[in-house]
Amino acid sequence: MVKRFSKTLIAAATALAISGAAQAETLKIALAGPATGPVAQYGDMQKIGVTAAIDYLNANGGINGMDVEGVIYDDACDPKQAVAVANKIINDGIMHVVGHLCSSSTEPASDIYEEEGVLMITAASTSPSITEKGYDLIFRTIGLDSLQGSLAADYISGTVKPERIAVIHDKQQYGEGLATTVRDALVDAGIEPVMFEGVTAGDKDFSALIAKLQKADVDFVYYGGYHPELGLILRQSMEKGFEAQFMGPEGIVNSDLAKIAGEAVEGVLATAPKSFDQNPENAERVAAIKEKGEDPTGPFVFPAYAAVQVMASTIEAIDSTDPIAMAEYMKANSFDTAIGTVKYNEAGDLTESTFLVYELHADGSKTAAQ
Amino acid sequence: MTEASLYFLQQIINGLTIGSTYALIAIGYTMVYGIIGMINFAHGEIYMIGSYVAFIVITGLLGMGMVALPVVLFIALVVAMVVASSYGWAIERVAYRPLRGSNRLIALISAIGMSIFLQNYVVLAQGSRDVAMPPLVSGSLVEFGSLETFQVTISWMQLLIWVVTLISMTVLTLFISRSRMGRACRACAEDIGMTNLLGIDTNRIIAMTFVIGAALAAVAGLLLGLYYGVVNPFIGFIAGLKAFTAAVLGGIGSIPGAMLGGLILGVTEALTAAYFPSEYKDVVAFSLLVLILLFRPTGILGKPEVEKV
Amino acid sequence: MRGTLYNAVFAAGITLVLTCLMLGVQLNAEGTALTVQGADAERWIWIIAGIALVFFVQLFSPQIDAFFGRMPKPNLAALKPEESKWRVIKPWAFSALIVGMLIWPFMVSRGAVDLATLTLIYIMLGLGLNIVVGLAGLLDLGYVAFYAVGAYTYALLSEYFGLSFWVCLPIAAMLAAFFGFILGFPVLRLRGDYLAIVTLGFGEIIRILLNNWTDLTGGPNGISGIEKPTLFGLEFSRRVSEGSQSFHEFFGIDYDSSQKVIFLYLIAVVLVLIVLYLINRLMRMPIGRAWEALREDEIACRSLGLNRTVIKLSAFTLGASTAGFAGCFFAARQGFISPESFIFIESAIILAIVVLGGMGSQVGVICAAIVMTILPELAREFSEYRMLMFGLLMVLMMRWRPQGLVPMKRPHLELKQQ
C-alpha cells in the first residue's frame, strides 16, 4: 500500500508535463487530507473510502476505459500545508480532488481550486462558509451542520422534554457550530439551556466538568463534537455516578465510542444519516473494505466513496474530464451513490441529507430512537 | 456541609488526582534540568510510550487468561518502566550525549526533533487512532453528602493514583537522599565539573537521571491510561507541556518543587473549570505561571540564583 | 575488543527492548474488545535487521569512526574568496542574487513559486527571532504569538474596516511590537529558561484567546476571504470587485492565475530585503552591539553603564514587529487564518531555524529556513514516513553541525604575526 502510493507520487511528479488528464490513459484523482498529525485517523477513513471506490472502478473497466489512480497528498490538517498541497496538485496536473478533510484546510485550498479550474468534492468539511462563497467547482458529499442541529433540537424539545439541559462543545468548528445551532433552536422553542460551555479538544480529564454538571442538576446533555472526548465524558460520568441523557451529532457515531465508554454508551442519542455501512446496498462494498483488513465504519468512509462515484458517473455521462462541464452536469443531475441519492443545489451542497435520531448501544450498534 | 463546600471539595479531589500525575511526569523534566540544564522536550513522548506499553501488557496478560488484577497491573507497571527507561536511556545516548558541551539550545532543538520522531514512530507502529480499554479498576471508595444536594465521590482509581504516586515519590526521595548514586546525583546538580574531578562517572549519572525520569513517566502513563482508559500517540505533547509548566512553577531543578508544582497546577485547573467556563482553564494555568514567576522568578521552591562575577 | 563486543551486545539488547513491544506487538480492536496481536513476519524481519544493524555498527564502531575521521571535512571557509577580492565581488554578487530572485519565478511552476513564498515567510520569522535568540540571547518559545497578532491584525482590519494590505502592514508590525513591549516589560527580568517558559505560556494564551473569542475572531472558524494585496489598487483576480481594476485589464494582457502567485512572491522578496537591510543596519549601531554584549556577559554590560532593560526590550520589540510583518503577509497569502496556524510547534520550527542556521548569523538563518521548509516538501515522497524523517533529520543535523550551518562570524581584526 505504502509502496504503491509513494510510487504513484513519484510518477505524478515526473508526469508534470501532462496537463489535461483527458489525454492521459489514467485519470488521476488527488486525495487531500491528513496522513500525519493528530487527526490522521480521519484522513485514514477518507483514504479507505476513496481507495475502495477506485479499486471497484478499476476492477470494472475503469471510467470509459480509463484507469483511475488515487494520489495521496498529506496536508496534516494544517492550513499552511493545505495551500502548498493545492498548489502541488495543480502543478501535477490533477484536475479532480477529493478533500480536504478539516474545514480550516478546505477553506484556503478551495480558493485555489476554484481559480485554477479544479473540481473539488470534500467528504468531511461541514463548515457552511466553504460553499457560501458562490464557487462553481466546490462540492460536498456530506450534509451541513445546520440540518442535524435543528433535528436534534426538535427531538429534545418534542420527545425527550428534559428539565435542565446543558449544551457542551469541543471548541472546534464542527462541534461549536452544531452546539450553537442546537442552543439557538432550543431557545426559540422556549427552553433555555442552563449551561453552554466549551471543553478543550484532546483533553482527557473531564472530572471538573462532570462535577459542574452534577451541581447544576442537569438531566440532559447535548454534546457537539467528536467521539474521543464524548467517550471520555461518558466513561467518567459513569465512574462519578452522574446519570443524564446524552445526545450528540453524527461525529460521535463511531464504533470507537463504545470502545472508549463501554457500558456508558447504552442509550445515548445521536443524530446521524442512515449508517452507510449497515445499509444492505453497501454490503458488497463493506465486504471489499473488510477484505483488505480496513475498517468501513468511520463516518467519512462512504461520503469519500460517494465523492469518487459522483466524479466517475459524471465523467462517464458527459465523456469529458473538464471540471467546468462536470460541475454543470453535477448540478443538473442526481446520482445514485453509496450514501444514497446525491443531488446538488447551486452552491454545491447536498439538497437532501436525511438525518435520523438513533439510540446507541454498548456493543457498538444503533437502533432508531422512538 | 453545604452544597457549595461539597462541590469545592470534589473539585479539589479531582485536581489532586490529575496533579499527582503531572508531578510524576514533572520529575523527569526537573531532574534532567537540574543536572545538565536542558529542557528535555521528548519527555512527554516517553510518558506516551509508557502508556502504550502498559496497555499492550495488560491486554496481553488478560487475553492469555490471567485474572488476578493486582498481579497483571504490577507486571504491566514493571514492564512499562523497563521499556520507558530504555527509551529514556537510548534518547540520551543518541540525541543528547553527542551534543554535550555545545550550546544548550542545540540540545533543545535535538529534543524537539526527537519528540517529532517518537510521535510519528508510534503512529506508524500502533496507528493513530485512539485505543481504548474497558475500565479495570472501577467503583468508588467513599461517597458522602446527600443525593439531593451534592455527592462527593472518591473512586478506587483515584485512590490508586494517590497511593502509587506517594510510593514512587517516597522511594525517589529516599534514593536521592540516602543512596550513593543519589548523593552523586545531587553532587552533579551542584557542580558537574567538580563532581567529575572527584572521580564520579558523570555520564553514568546523567544517563541515570534520564532513566529515573522515564520510569516515573511510565508510572504516570500506566496510571493515566487506567484512569482515562484511552491512549493515542499525541497525548505526550500536551501532558509534557503541562508537566514542564508544573516543574517550572515549583522551581525547576527542585524535586519537591516539581511535586508541589504538579499539585498546584492540577488543583488550579480543576477549580478554574469548576467556577469559570472550562475552555479557559489553560489560560488560567499559564497566567498563574506568569504571575508566580513575576513575584518569585525562580519558582516556588527554586533556589534564588546568585549572580557570580 | 572485549569492550566493544560488550557494548554491541548491550546496544542490541536495548534495541530489542525498544522495538519488541512497540513494533512487534500491536493493539487491535475487535468489536468493542481490545486484543493484542503479534506483528506479521515482514515487520519482524525488519526488527531483527535493525537489531543486527545496531549490533554490527557498535561492534565495528572504532573502524567506522576511523573511516569517517579520514574523510576530509568540507571546508566552507575556503570557498569564500579572500577579503580584498570579496570586497570587490560582494556588491556584484548581491545584485546578481537579487536580480536572479526577481527573474526566477517567471521560469518555474506555480507550486515552486508558492513554496518559495512560504520559505520567505520563514526567513522573515527566522530573522526576527534571530534578533531575540541569536543576538540578544533571550530564549523565546512563544514567538508565534506575535506572528498571530500580525496575521489577525490584518485579517480583522480588512474584514471590519476594509483597510488594504499596504495600510495594515505597518499597523500589524506596530501592534505586534506593542504586544512584545507589553509582554517584555514584566518578564525580561527573568533569566534563561524561566523566560522561555513564560513566553511559551504567553504564546499558548494568545492562541487560546483567539480560539475562544468567537465574536471577534470567529474562534475556531477563523477568518476567511481576506483581501489579497493589490498593486496600487490593481487587483490580481479573474473577477474584480466593483470600483477597482484588475492587473491584466489595465495592462491589456491575458489573465493568468500565476500572476497573483508571482506578485505575492515579489512582495515577500521585497519585505525580506527590507527586514534584512534594517537588521543589518541595527547590528552595526550601538544598540546592536549592546545586544551581543549583553548576551555574552550581562554583568559586565551593566557595570559599563548599559541599561539592561532597554536593550532587552528593544530586541524583544523589534523581533516581535518582524513577526507581525510576516504574520500580516501570511494572512494575505493564505486568504484564511485560524488559530490552528499558530500552535507551539510553529514556534519550535522557527527556533530550530535560528539554531540550525548558527545563532546570530543571518546567512545561516536564510539557509536554515530554506532547508526547514523544503525538507518536508521533498519528504512528501515518503508519504506517512514524512514527519518521521523530518524529526530524525533534525536530530542528525544537530549532531552533524552543532555550531549551525553557517556559524556567526563577528567582524574582527587579527594581529599579523611577524
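By the Cα gyration tensor, the protein assembly as shown has an equivalent ellipsoid whose semi-axes, rounded to whole angstrom, run 42, 40, 30 from largest to smallest. The H on the amide N of C:E235, modeled in the peptide plane, is under 5 Å from the matching H of C:Q245, C:S246, C:F247, each at least 5 residues off or on a different chain. Computed 3J(HN,Hα) for region B:120-126, one whole-Hz value per residue from the Karplus formula 6.51 cos²θ - 1.76 cosθ + 1.60 where θ = phi - 60°, is 6, 4, 5, 4, 5, 6, 10, glycine and proline marked x. Modelled this way, with points 7 Å down the Cα-to-C-beta line, the labels at B:D191 and C:F181 are 4.5 nm from one another. Couplings 3J(HN,Hα) for region C:45-58, derived from phi with the Karplus relation 6.51 cos²θ - 1.76 cosθ + 1.60 (θ = phi - 60°), are 4, 4, 4, 5, 4, x, 4, 4, 4, 4, 4, 6, 4, 5 Hz, where x marks Gly and Pro. For a test of the definition: using alpha carbon positions, the gyration tensor, and the 1.5 limit on a/c, classify chain B as rounded, prolate or oblate. Judged from the Cα gyration tensor, chain B comes out oblate (a/c at least 1.5, b/c at or above a/b).
Rounded, prolate or oblate: which fits region A:201-249, taking a ≥ b ≥ c as square roots of the Cα gyration tensor eigenvalues, rounded meaning a/c under 1.5, else prolate when a/b beats b/c? Because a/c hits 1.5 or more and a/b fails to exceed b/c, region A:201-249 counts as oblate. Using C-alpha pairs under 8 Å with a sequence gap of at least 6, the mean separation divided by the residue count of chain A gives a relative contact order of 18 percent.
Taking every eigenvalue of the Cα gyration tensor of chain A, multiplying by 5 and rooting it, what semi-axes result, largest first, whole Å?
On the way: eigenvalues 286, 79, 72 Å².
Rounded to whole Å, the semi-axes are 38, 20, 19.
Calculated FRET efficiency, B:V67 to A:M195, Cβ-Cβ distance, R0 = 35 Å: about 0.25 to the nearest 0.05. Considering only alpha-carbon pairs that sit under 8 angstrom and 6 or more positions apart, the relative contact order computed for chain C is 24 percent. Taking chain B as a Gaussian network of alpha-carbon nodes connected by springs under 10 Å, the highest mean-square fluctuation of the residues B:S102, B:S155, B:S51 belongs to B:S102.
With charges only on Cβ, +1 for K and R and -1 for D and E, what is the dipole size of the protein assembly as shown about its Cα centre, in debye, rounded to 20? The partial results should precede the final answer.
On the way: 72 positive and 94 negative charges, 1176 e Å.
Dipole about the Cα centre, nearest 20: 5640 debye.
What is the Cα radius of gyration of region C:263-418 over 2.2 N^0.38 Å, N being its residue count?
Numbers: Rg = 18.6 Å, N = 156, 2.2 N^0.38 = 15.0 Å.
Dividing the Cα radius of gyration by 2.2 N^0.38 Å gives 1.24.
Positive end of the dipole of region A:56-180 (Cβ unit charges, origin at the Cα centre): among A:A76, A:V118, A:A179, the Cα lying farthest that way belongs to A:A179.
If the viscosity is 1.002 mPa s and the temperature 20 °C, what translational diffusion coefficient in µm²/s does Stokes-Einstein give for region C:2-70 when Rh comes from Kirkwood over Cα pairs? Write out the running numbers ahead of the final one.
Details: Rh = 13.8 Å.
Stokes-Einstein gives a translational diffusion coefficient of 155 µm²/s.
Each label was represented as a point 7 Å from its Cα along the Cα-to-Cβ direction; for C:F106 and A:T341 these points are 5.6 nm apart.
For A:K80, a cut-off of 14 angstrom between C-alpha atoms picks up these aspartates and glutamates, skipping any fewer than 8 places away in its own chain: A:E107, A:D111, C:D114, C:E340, C:E346, C:E377.
Applying the Karplus relation 6.51 cos²θ - 1.76 cosθ + 1.60 with θ = phi - 60° to region C:121-137 yields 3J(HN,Hα) values of 4, 5, 5, 4, 4, x, 5, x, 5, 4, 4, 6, 8, x, 8, 8, x Hz, where x marks Gly and Pro.
Given only helices, namely DSSP H runs of n ≥ 4 each adding -39500 (n - 2.57), what is the per-residue ellipticity at 222 nm of the protein assembly as shown, to the nearest 500 deg cm²/dmol?
Values: 42 runs with 654 residues, N = 1097.
Value at 222 nm, helices only: -19500 deg cm²/dmol.
Please check: in the Gaussian network model of chain B (C-alpha springs, under 10 Å), which one of B:L241, B:L62, B:L16 has the largest mean-square fluctuation. Of B:L241, B:L62, B:L16, the Gaussian network model singles out B:L62 as fluctuating most.
Taking the Cβ-Cβ separation of B:R183 and C:T214 as r and a Förster radius of 56 Å, what is the calculated FRET efficiency to the nearest 0.05? Provide the component values of the computation, followed by the final result.
Working: r = 55 Å, r/R0 = 0.99.
Once rounded, the FRET efficiency stands at 0.50.
Each label was represented as a point 7 Å from its Cα along the Cα-to-Cβ direction; for C:W46 and C:V99 these points are 5.1 nm apart. As a calculated quantity, the FRET efficiency between A:D217 and C:A33 at R0 = 25 Å, using C-beta atoms, amounts to about 0.10.
Comparing C:G111, C:G335, C:G288 in a Gaussian network model of chain C where C-alpha atoms under 10 Å apart are linked, the largest mean-square fluctuation is found at C:G111.
For Cα pairs less than 8 Å apart in space and 6+ apart in sequence, what is the mean separation divided by the residue count of region B:3-295, i.e. the relative contact order in percent?
On the way: 451 pairs, mean separation 116.4, N = 293.
About 40 percent, as a whole number.
Throughout, read-outs are computed from the coordinates displayed, never taken from laboratory work. Remember, it's a predicted structure, so these values are computed and weren't measured experimentally. Neighbour counts run over all protein chains shown; Cβ positions are idealised from the backbone, glycine included.
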